[in-house]
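Here the structure comes first, spelled out in structure tokens, and everything after it is commentary.
The values are calculated or read from the model by the stated rules, or taken from the named source; none is laboratory data. It should be emphasised that the depicted structure is a prediction, and the values quoted were computed from it without experimental measurement. Cβ sites come from the backbone with ideal geometry, for glycine too, and all protein chains shown count toward neighbours. For accessibility, only protein heavy atoms count, side chains too; no ligands or nucleic acids. Shrake-Rupley method; radii C 1.70, N 1.55, O 1.52, S 1.80 Å.
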Amino acid sequence: MNRERALKAFRREPTDRIPHGEMISNPDAIQYITGIDPWEKPRSAQKALITKYAIDVWQLPPDDTPIPKLPEGETYVDESGRATAKWGQEKTWHWDWGKQFKTIDDVLKYEPLKHMDCRDMEPVGLDLRKSVDELAKDFQEKLNKNRAANGNLALAHGGFYNTIFMWPLLTFGWELFLELGAGYPEECARIIADFSEFSRKVFKAWAKTDLEVFSSHDDICYQAGPVFSPSWLRKHIYPYYEEFWGYLKEAGKVVFFVCDGNVDQVADDVIACGADGILSEPYTNWREYAKKHPDKILMGNGDNRVIKTGDKDAIYAMVKEMAELGRDMPGFFFCVSNHITWDLPPEGVKHYFDAAEKYGQR
């Protein structure tokens, strides 16, 4: 619960404790740990959680306006009549990306620059017809509100989900994007170049704010490694990373890359593009990453599969190993990067945080 500790860690400066950069979607665990119902009093419950432990990267709700409880069960029928999976106190996306595209010909005819109003596109929600200055004003206002809600308890950072790879993925869906990328290299390059105009505005706008830390997300990997070959990524994706992150770095911002899966084969390239570090999942060989990049940010070697067992000894052993890896690495954060999901046992989540409290002293 210390904004400055998080900021120091992102800047790779010494801290008294290892901070947390957690993603928690488990209201039962929050209530179990704090004794406060996070549906009835969301701010009070979350504030009690981050005050009890060194959870320094967080966004508190602005007030205690109650959150309507979701129906019981893993899934429910939402207001649109569709089956929806629960995700903590929210619902997941339907992941029916590309439903309007039936064939690769539909994709090849698509002109991204005619569709820059993305207010209805999850999770972007932006009208990218706006100027860079207009977007910067919007981003600064949002950042100011988030900071006001957090005070000095936690760091509010900015971020963008669709750095570049996510644009064709979320527009066309997995299968058609993979067909485009593998079978139509020139057309793929043209479409990605058009989408880069969307992200270029976003990154230039954030560079104009007084933001300190930025998360740049792109799921270029899955559990087995990169979705496309490293050489494909070097041709089609990394030049944009270098450009976009350059705007932020020139403005003095810290940039960390966020990606699903196993980033072993891409980590060195991502760091070379200018990222200050990486948040990814426990499939990655984080010990090797730490050996290569001891001066970078590392968020990601906590595993929710261990927490799901509820086995206190196993959870403590995992956290002890995490702390041993990160104790002398100033950019290390405790992080269960495959998420503290709604289905983890509350007592297991508490064991995780208690163990971090025990082993997290630098």
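With 25 Å as the limit, the listed pairs Lys52/Lys312; Lys91/Lys308; Lys99/Lys249 have Lys99/Lys249 beyond it between alpha carbons.
Taking amide H atoms as placed 1.01 Å from N in the peptide plane, the amide H of Val255 lies under 5 Å from those of Phe214, Asp276, each 5 or more residues away in sequence or on another chain.
Compared with the dominant Cα axis of the chain, that is its longest principal axis, helix 238-250 is turned about 60°.
Distance between the C-alpha centres of the range 280-348 and the range 107-136: 36 Å, rounded to the whole angstrom.
Taking amide H as placed 1.01 Å from N in the peptide plane, Gly261 has its amide H under 5 Å from the amide H of Glu281, each at least 5 places away in sequence or on another chain. What angle, in degrees between 0 and 90 and rounded to the nearest 10, separates the Cα long axis of helix 185-207 from the longest principal axis of the Cα atoms of the chain? So the helix axis and the longest Cα principal axis differ by about 50 degrees. Accessible surface of the range 1-124, 1.4 Å probe: 49 percent of it comes from carbon and sulfur atoms.
Placing +1 on each Lys and Arg Cβ and -1 on each Asp and Glu Cβ, with no other charges, gives the range 38-188 a dipole about its Cα centre of roughly 700 debye. Ratio of Rg to Rh for the range 249-295: 0.97 [Cα atoms; Kirkwood radius as inverse mean 1/r over pairs]. Full extension of the segment from Asp117 to Ala251, taken as 0.36 nm per residue of separation minus the current Cα-Cα distance, would add 45.6 nm. Seen from a random direction on average, the alpha-carbon convex hull of the chain projects onto 17.4 square nanometres. In plain terms, the chain from Asp127 to Ser231 could stretch by 34.2 nm, reckoned as 0.36 nm per residue minus the Cα-Cα distance.
Couplings for the range 98-113, taken from phi via the Karplus curve 6.51 cos²θ - 1.76 cosθ + 1.60 with θ = phi - 60°, read x, 4, 7, 9, 9, 9, 5, 5, 4, 5, 5, 8, 6, 10, x, 5 Hz in order; Gly and Pro are left as x.
Across the range 120-266, Cα pairs under 8 Å and at least six residues apart give a relative contact order of 30 percent. By the rule of a C-alpha distance below 19 Å, with chain neighbours fewer than 8 residues away ignored, the aspartates and glutamates paired with Lys350 are Glu22, Asp28, Asp37, Asp56, Asp303, Asp311, Asp313, Glu321. Shape descriptor for the range 167-325: Rg over Rh equals 1.01 (Cα atoms; Rh from the Kirkwood inverse mean 1/r). Under the simplified labelling scheme, the Glu175-Leu108 pair shows an inter-label distance of 1.8 nm, with each label point 7 Å from Cα along Cα→Cβ. Working note: Karplus 6.51/-1.76/1.60 with θ = phi - 60° gives the range 220-225 the couplings 7, 10, 10, 4, 8, x Hz, where Gly and Pro are set to x. All other residues whose Cβ lies under 10 angstrom from that of Cys259 are scored, Lys and Arg at +1 and Asp and Glu at -1, for a net of -4. Residue separation of Asp78 and Lys208 scaled by 0.36 nm, minus their Cα-Cα distance, works out to 42.9 nm of gained length. Residues within the reach of a label modelled at Lys291 (point 7 angstrom out along Cα to beta-carbon, backbone nitrogen below 18 Å), restricted to the range 253-272, are 263-269. Counting only protein heavy atoms and a probe of 1.4 Å, the accessible surface of the range 146-241 is 51% carbon and sulfur. Under 5 Å from the amide H of Leu126 lie the amide H atoms of Cys118, Arg119, Met121, each residue being 5 or more positions distant or on a separate chain, with H modelled from the backbone and absent for Pro and chain starts. Mind checking which aspartates and glutamates have their Cα closer than 19 Å to the Cα of Lys235? Skip sequence neighbours fewer than 8 apart in that chain. Hits, sequence-local ones excluded: Glu179, Glu186, Glu187, Asp194, Glu197, Asp218, Asp219, Glu243, Asp264, Asp268, Asp269.
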